[in-house]
Amino acid sequence: MKEPPKTSLEWAFISIGSNISPEKYLPLAISKLHPLGKFLKTSCVYQNPAVGRPEQEDFLNAAVLLDTALPPLEIRNHLRKIEKDLDRVRTEDKFAARTIDLDLCILGKQILDLAEITLPDPDLLTRAHLAVTIAELAPDFHHPITGEALWRIADRLRAGANLTLREDVTKQIQQAAQAPSA
């Protein structure tokens, strides 16, 4: 299936997470997102247990909202390049520890189901660390498939979640979002 052409600006909701030196890698990754579009907002950073691997270090997760004219696959490819530049090693284990994890979760109202990317990200409806951070960016934005406001999805998942606000790292990523890329 071919990707639809992109002609106008759309909101790109990008999740970001790390459980290997996250205080270092989250701000670094944020600083490398500038070429993708104009920063509109960053979420708070939350610490939560590793999904699927409770013996691992906790993850720190956040999200950013960009205004972009780039198509989904170009965004995804750029995110993968940032991950590689920041020493991410991809393995068969989808729950492996990582220096950085960057995912395009929503791109405007686009709905895609390609081998390389699914939009919106289906985990947004089941994982609190995604729903809460993404909802902070635009609470009244409606999920492209369910039509639910993002704040409703986040509220539903937050109840059973173990999320701890990390104000120290939140300040670091906000500064990285404001600084021009190096």
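The values are calculated or read from the model by the stated rules, or taken from the named source; none is laboratory data. Keep in mind the model is a prediction, meaning the values are calculated, not measured. A quick note on method: Cβ atoms are made from the backbone with ideal geometry, for glycine too, and the neighbour counts reach across all protein chains shown.
Quick one: Cys44 ticks every box in (1) surrounded by fewer than 20 Cβ atoms within 10 Å (Cβ to Cβ); (2) free of Cβ contacts under 8 Å to residues at least 60 places away in the same chain except a single one, so which number is it?
Cys44 satisfies every listed condition except (2).
Within region 130-171, track down each residue that is among the hydroxyl-bearing types (Ser, Thr, Tyr) and over 24 Å from Ser18 (Cα atoms). Don't jump to the end; show me each part of the working.
Looking only at region 130-171, we keep the residues that are among the hydroxyl-bearing types (Ser, Thr, Tyr), and these are 133, 146, 164, 170.
Thr146, the sole residue that qualifies.
Condition first: over 20 Å from Leu130 (Cα atoms), within 16 Å of the chain's Cα centre (by Cα) and among the aliphatic types (A, V, I, L, M). Now tell me which residues in region 69-109 satisfy that.
Those that are over 20 Å from Leu130 (Cα atoms), within 16 Å of the chain's Cα centre (by Cα) and among the aliphatic types (A, V, I, L, M): Leu73, Leu86.
Just give me the residues in region 14-33 being in a loop (DSSP other than H, G, I, E, B) and more than 12 Å from Asp87 (Cα to Cα), in sequence order.
Result: Asn19, Lys32, Leu33.
Only one of (1) of a type in the set (Lys, Arg); (2) exposed (fewer than 14 other Cβ atoms within 10 Å of the Cβ); (3) at pLDDT below 95 fails for Lys171. Which number is that?
(3)
Working carefully through the options Lys171, Lys94, find the one that is assigned to a helix (DSSP H, G or I) and within 26 Å of Lys24 (Cβ to Cβ).
Lys171 is the lone residue from the list that is assigned to a helix (DSSP H, G or I) and within 26 Å of Lys24 (Cβ to Cβ).
Counting just the residues of region 91-112 that are of a type in the set (D, E, K, R) and surrounded by 12 or more Cβ atoms within 10 Å (Cβ to Cβ), which one comes out nearest to Gly37 (Cα to Cα)?
Here the answer is Asp103.
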